[in-house]
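What follows is a short report on a single structure.
The values are calculated or read from the model by the stated rules, or taken from the named source; none is laboratory data. Computed from a predicted model, the values in this text were never measured in an experiment. Please note: Cβ atoms are built from the backbone with ideal geometry, for glycine as well, and neighbour counts cover all protein chains shown.
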Amino acid sequence: MKQNRVLITGYGAVSPFGIGTDKMLAGLFSGRSCVVNIKEELGGKLANGNCFVAAPLSETPDASQIPRKYRRNMGPLAEYAYRAAADALVHAAVPKEKIGSAELGVAFSSSLGSAAALEEVFKVYLDDSPQAIPQATSFFKIMSHTCSANVAHALGIRGVNYSVNSTCASSTQAIGIGYEQLKHGRQEIMICGGSEEMHPMVVSIFDLLQAASWKYNDHPTQTPRPFDSKRDGTVCGAGAGALILETEESACQRGAKIFGEIVGYYSNLDPTSMAQSSKESIVLCLRGALDDAGVEPKQIDYINAHATATVAGDISEAAAIAEVFAGLQVPVSSLKGHMGHTLAASGALETIASLEMMRSGRLIPTLNLEIPDPELPALFHVPAAGLVKKVNHFIKNSFAFGGINAVLIVKEYTK
Amino acid sequence: MNQEKIYEFVVGIFVELFELDVKNIRPDATIFDELGLDSLDMVDLVIEMQSKFGFKIGRMDDEEKLRAIRTIKDLCLLIEEKIKSGEVDISKIKI
């Protein structure tokens, strides 16, 4: 059976650094942190927790630009998703007639539906007065596929539509699903990505699970600290990332600019813990992706780690990388120190950043990694000053609550 | 509450809730075709009316009456009918 090659022909981002991929990449390459103390803003809603740091959006997309017909169905995260997806289509210069065709689909993700909209519904729901009725469109904001549905409606997309809701692995899985759709010839173009809005409920839950950083409330830019000996948990962030995936045939036919080729994807689940993935399951996932790509570990030039700076999560990932890439000096870094953990958006945003690292040959170091935790297996961390290196293949790791693992392998495109 | 006041109230809802330009709203403007509303907007319209007037729109007779509404004027007449029938306590109207 013929299998298509799957290329990346565009992307769009809304990140804690602001709107647009340029702002995100400039922030990442300059080593800035977006983490701030949110106690004043959200303290009252953080349920007696310990964590008061987050990486919210520094600017929000202007929702008034979205026609009311579509906007009325969107919570904040769907608005971000729409903006990232619309920008990605422009970046990829996808022709208008293609956008409305049956050959273009969507795989978009979020951890939940809009928590802000859910909060509004419950405010009304818990009000006993007979006039207390939520808006008719509330459900379209809180349903789990709010991003994939809203992106498709607002952009007039008629192809396949998948929603992935696997929290922190969501957008990496969405990209993986898009890759499989194109590889097997079911679609020509896919918009893939994920979105996350900042809500105190999410921060509180991470705090409750002891997964959130709390020792750096007074020095927010010093956390999270992936792989560092003084890491104490992650920091929740907001954003949306979208990538345009396209078959080689379609991309070449229309002379599209090509940013990379997805050559491998694998996803699995570790049933031993709902809270985190084991080293063994991550090893299987990494090897699954390498098998899918048909490449050896020695061919991997860079690993963009999930590394959220939780104590246990970083241990599992570091141990798995050390086992699969034993004896090899593969540079590793995490972008969580800059942008916090943008959860469902993280896989897409960090893949976009990794594409730029591959293009420029400049690897971004892990912000706040000062002294690697001696309890972790030794990895070749990208030095604090950065690293100039030719990258032919990179890996993007994402792991999620529920024990879900997802790994992508992206290659520099050559005909 | 006279017809003029009811019309003003309805126009206010359409401007605020549906972001319509007041210039496009006339008594004979058709709600779906000219003003561009759809069935979801009608649900929100009913909720808003219930909230502001304090009456309950039931499922049977009222639903048929709602389906028959084509223009702004039709809507105003329905509200007027509800007021005349005593379902609405004018002193509690939240306008």
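Structural remarks
- Taking the criterion of being under 17 Å from the mean Cα position of the chain (by Cα) and outside any loop (DSSP other than H, G, I, E, B), the residues of region A:295-313 that qualify are A:Ile303, A:Asn304, A:Gly313.
- Considering region A:1-31, and only residues there that are surrounded by 15 or more Cβ atoms within 10 Å (Cβ to Cβ) and of a type in the set (Lys, Arg), the residue that is farthest from the chain's Cα centre (by Cα) turns out to be A:Arg5.
- Per the listing A:Arg231, A:Arg186, the residue uniquely assigned to a loop (DSSP other than H, G, I, E, B), touching a residue at least 24 places away in the same chain (Cβ under 8 Å) and surrounded by 18 or more Cβ atoms within 10 Å (Cβ to Cβ) is A:Arg231.
For every residue, the table says whether it meets (1) within 14 Å of chain B (Cβ to nearest Cβ); (2) surrounded by fewer than 17 Cβ atoms within 10 Å (Cβ to Cβ); (3) in contact with a Ser or Thr (Cβ under 7 Å, 6 or more places away or on another chain); (4) at pLDDT below 95.
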residue	(1), (2), (3), (4)
A:Met74	yes, no, no, no
A:Val94	no, no, no, no
A:Val124	yes, yes, no, yes
A:Pro134	yes, no, no, yes
A:Ala152	no, no, no, no
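- Given (1) in contact with a helix residue (DSSP H, G or I) (Cβ under 8 Å, 6 or more places away or on another chain); (2) more than 14 Å from chain B (Cβ to nearest Cβ); (3) at pLDDT 95 or above, number of the condition A:Glu119 does not satisfy: (3)
- Region A:136-150, residues that are of a type outside the set (A, V, I, L, M, F, W, C) and at pLDDT 95 or above: A:Lys141, A:Ser144, A:His145, A:Thr146, A:Ser148, A:Asn150
- For region A:363-414, a residue qualifies if it is over 24 Å from the mean Cα position of the chain (by Cα), assigned to a loop (DSSP other than H, G, I, E, B), free of Cβ contacts under 8 Å to residues at least 60 places away in the same chain and exposed (fewer than 15 other Cβ atoms within 10 Å of the Cβ), and the qualifying residues are A:Ala378, A:Ala385, A:Thr414.
- Count of residues meeting criterion [free of Cβ contacts under 8 Å to residues at least 60 places away in the same chain and basic (Lys, Arg)] in region A:345-362: 0
- Pairs where the first residue, in region A:49-64, is closer than 26 Å to A:Tyr216 by Cα and the second is surrounded by fewer than 23 Cβ atoms within 10 Å (Cβ to Cβ) and charged (D, E, K, R), C-beta under 8 Å, 6+ apart: A:Gly49/A:Asp207; A:Asn50/A:Asp207; A:Cys51/A:Asp207; A:Phe52/A:Lys39
- Hits in region A:323-348 (condition: hydrophobic (A, V, I, L, M, F, W, C), surrounded by fewer than 24 Cβ atoms within 10 Å (Cβ to Cβ) and part of a helix (DSSP H, G or I)): A:Val324
- Residue within region B:59-76 that is touching a helix residue (DSSP H, G or I) at 6+ places or on another chain (Cβ under 6 Å), within 14 Å of another protein chain (Cβ to nearest Cβ), on the phi < 0 side of the Ramachandran plot and at pLDDT below 90 present: no
- Residues that are within 14 Å of another protein chain (Cβ to nearest Cβ), part of a loop (DSSP other than H, G, I, E, B), touching a residue at least 12 places away in the same chain (Cβ under 8 Å) and out of contact with any Phe, Trp or Tyr (no Cβ under 7 Å at 6 or more places or on another chain), drawn from region B:18-33: B:Phe32
- Qualifying positions in region B:1-39 - under 24 Å from B:Glu81 (Cα atoms) and among the aliphatic types (A, V, I, L, M): B:Met1, B:Ile6, B:Val10, B:Val11, B:Ile13, B:Val15, B:Leu17, B:Ile25, B:Ala29, B:Ile31, B:Leu35, B:Leu37
- The condition of being under 25 Å from A:Phe139 (Cα atoms), buried (at least 19 other Cβ atoms within 10 Å of the Cβ) and in contact with a helix residue (DSSP H, G or I) (Cβ under 8 Å, 6 or more places away or on another chain) holds for only one of A:Ala63, A:Ala55, A:Ala85, that being A:Ala85.
- Within region B:42-56, the set of residues being touching a helix residue (DSSP H, G or I) at 6+ places or on another chain (Cβ under 9 Å), modelled with pLDDT of 85 or more and at the interface with another protein chain (Cβ under 8 Å from one of its Cβ atoms) comprises just one member, B:Asp44.
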